[in-house]
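K.L.:
The structure follows.
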Amino acid sequence: MKDELNKVLLIYTGGTIGMGLNPQTSALEPLDFNHLVKSMPELAAIPVAIDVYQFPEPIDSSDMNPLLWRRIVEIIVGHYDRYDGFVILHGTDTMAFTASALSFMLENLTKPVILTGSQLPINQLRTDGKENLITSIEIAAAHNSDGTPRVPEVCIYFSGKLLRGNRSTKINSEGFNAFDSFNFPHLADAGVNIVYHDDVILHPDYAKPMTPHFAMDANVVVFTLFPGIQEQTVRHLLEAPHLRGIVMRSYGSGNAPQQPWLMQALSEATERGIVIINITQCAAGPVEMARYSGGFLLKNVGVISGYDGTVECAIAKLMHLLGHTTDIGVIREKMNQSLCGEITLLQ
Ligand code: ASP
């Protein structure tokens, strides 16, 4: 048992939580962290030693990109041994993408990395930011009786729910209940008490180091099937220069129109080495490509099941794998594995 306070590094990237109104345009824009601290005297009352690392230019998370993910990983790596956990203040718009990317970039993570933000800026009376931030810090500092962290995972904490980051999706642009993970249970629920669901929390190998990965290949795209989709549009997309990976949002349990031109175009693309991942347009439930003939045809032309993963996670996993190898066999194999709890493999 340690006597001193647990230490958490707060990484401020921007987002609504730290925004204020621009008097000229009346639109919200990111402000620096000092403004946020002034609106939140409660920070000093939390029984955790908190240090802050602020992005030189806080951003709206619509401007998030793989280089900034790399920056976040570098910050975590540079401070890893000195902190018990990390809280990342981030805009909600792309928070699920960042959480997914970090889950692959921080292999064998042995400390909590909790992303949070808010729907209303922290200086507004009805802000949801205070509870989100205070509880995230508490979770990032929480330990089991043997000294191991309570939640050694990349998570999103928002509005009472602690979610696995790579299972999360933004579900509401207005309500405080902005995130959920439809295909995976919550890791914890925060009401009067924080109730951790230990049976679903990942267990890293504490004997091994955390291994950071930095390379991400962004030559990927998400495309959504819809009734009436045109051959020339699909071909144009599949033939885009440098394209290496596609997340295809299919119907239901992984179905697609059975037109020969579509199967032919997809088959030519997979033969050229483009990796195509099948993710359902449904919010919940898995892709099961052998269930209907439309899905079965996709399987035959080399499309890979995305199981019950989210679009945000599939695109981040593709970028990560494509960033590390050109061996399509390896990518196919890893897409069919759960690397850090991102998909449920059927038994
Ligand atoms: N546009 C904001 C952002 O993602 C929205 C938010 O933070 O809730 O940075």
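K.L.:
Of the residues Asn34, Asn108, which single one is in contact with a Lys or Arg (Cβ under 6 Å, 6 or more places away or on another chain) and among the polar types (S, T, N, Q)?
P.N.:
So the residue among Asn34, Asn108 that is in contact with a Lys or Arg (Cβ under 6 Å, 6 or more places away or on another chain) and among the polar types (S, T, N, Q) is Asn108.
K.L.:
Return the residues of the range 310-347 that are without any contact (Cβ under 8 Å) to a residue 60 or more places away in the chain, part of a loop (DSSP other than H, G, I, E, B) and closer than 29 Å to Val200 by Cα; say none if nothing qualifies.
P.N.:
Across the range 310-347, the qualifying residues are Asn336, Gln337, Ser338, Ile343, Leu345, Gln347.
K.L.:
When you go through Asn144, Asn177 one by one, which is the residue that is free of Cβ contacts under 8 Å to residues at least 24 places away in the same chain, within 14 Å of the ligand (Cβ to nearest atom) and more than 19 Å from Leu102 (Cβ to Cβ)? Walk me through how you get there before you give the answer.
P.N.:
Details: Asn144 fails: within 14 Å of the ligand (Cβ to nearest atom).
Of the residues listed, the single one that is free of Cβ contacts under 8 Å to residues at least 24 places away in the same chain, within 14 Å of the ligand (Cβ to nearest atom) and more than 19 Å from Leu102 (Cβ to Cβ) is Asn177.
K.L.:
Let me ask something else. For the list (1) among the acidic types (Asp, Glu); (2) away from the ligand (no atom under 15 Å from the Cβ); (3) more than 21 Å from Gln124 (Cα to Cα), I need the number of the one condition that Glu42 fails.
P.N.:
With respect to (1) among the acidic types (Asp, Glu); (2) away from the ligand (no atom under 15 Å from the Cβ); (3) more than 21 Å from Gln124 (Cα to Cα), Glu42 is out only on (3).
K.L.:
So, in the range 4-20, exactly how many residues are out of contact with any strand residue (DSSP E or B) (no Cβ under 6 Å at 6 or more places or on another chain) and over 16 Å from Glu57 (Cα atoms)?
P.N.:
2
K.L.:
On to the next question. Could you run through the range 239-280 and say how many residues are part of a helix (DSSP H, G or I), crowded, with 23+ Cβ neighbours inside 10 Å and of a type in the set (Ser, Thr, Tyr)?
P.N.:
0
K.L.:
Across the range 88-136, what is the number of residues that are within 15 Å of the ligand (Cβ to nearest atom) and among the β-branched types (Val, Ile, Thr)?
P.N.:
Of the residues in that region, 7 qualify.
K.L.:
Then there's this: Conditions first: (1) touching a residue at least 40 places away in the same chain (Cβ under 8 Å); (2) within 15 Å of the ligand (Cβ to nearest atom); (3) not small (Gly, Ala, Ser). Asn6 passes all but one, so which condition is the exception?
P.N.:
(2)
K.L.:
What pairs can you find where one residue is in the range 191-211 and modelled with pLDDT of 95 or more, the other is part of a helix (DSSP H, G or I) and of a type in the set (S, T, N, Q), and their Cβ atoms are less than 8 Å apart, with a gap of 6+ or different chains?
P.N.:
Ile194/Thr135
K.L.:
To continue, here is another question. Please find, among Phe182, Phe176, Phe223, the residue that is part of a loop (DSSP other than H, G, I, E, B), touching a Leu at 6+ places or on another chain (Cβ under 9 Å) and not aliphatic (A, V, I, L, M).
P.N.:
Only one candidate passes the filter, namely Phe176.
K.L.:
Among the listed residues Phe86, Phe104, which satisfies the condition of being among the hydrophobic types (A, V, I, L, M, F, W, C) and more than 28 Å from Lys38 (Cα to Cα)?
P.N.:
Working: Phe86 fails: more than 28 Å from Lys38 (Cα to Cα).
That would be Phe104, the only listed residue that is among the hydrophobic types (A, V, I, L, M, F, W, C) and more than 28 Å from Lys38 (Cα to Cα).
K.L.:
Which pairs turn up if I take residues in the range 278-306 that are acidic (Asp, Glu) and look for partners that are surrounded by fewer than 21 Cβ atoms within 10 Å (Cβ to Cβ) with beta carbon separation below 9 Å, at least 6 apart in sequence or on another chain?
P.N.:
The qualifying pairs are Glu288/Ser253; Glu288/Leu346.
K.L.:
In addition: So which strands (runs of 3 or more DSSP E) are wholly in the range 104-172 and hold at least 1 residues that are surrounded by fewer than 21 Cβ atoms within 10 Å (Cβ to Cβ), of a type in the set (D, E, K, R) and modelled with pLDDT of 95 or more? Steps first, please.
P.N.:
Values: elements: 113-116, 154-158, 161-164.
The qualifying strands (runs of 3 or more DSSP E) are 161-164.
K.L.:
Confirm whether Asp63 is out of contact with any helix residue (DSSP H, G or I) (no Cβ under 8 Å at 6 or more places or on another chain) and within 16 Å of the ligand (Cβ to nearest atom). Full working, then the answer.
P.N.:
Working: out of contact with any helix residue (DSSP H, G or I) (no Cβ under 8 Å at 6 or more places or on another chain): yes; within 16 Å of the ligand (Cβ to nearest atom): yes.
Criteria met by Asp63.
The values are calculated or read from the model by the stated rules, or taken from the named source; none is laboratory data. These numbers come from a predicted model, not from an experiment. Because the Cβ atoms are built from the backbone with ideal geometry, glycine has one as well, and the counts that use them run over all protein chains shown.
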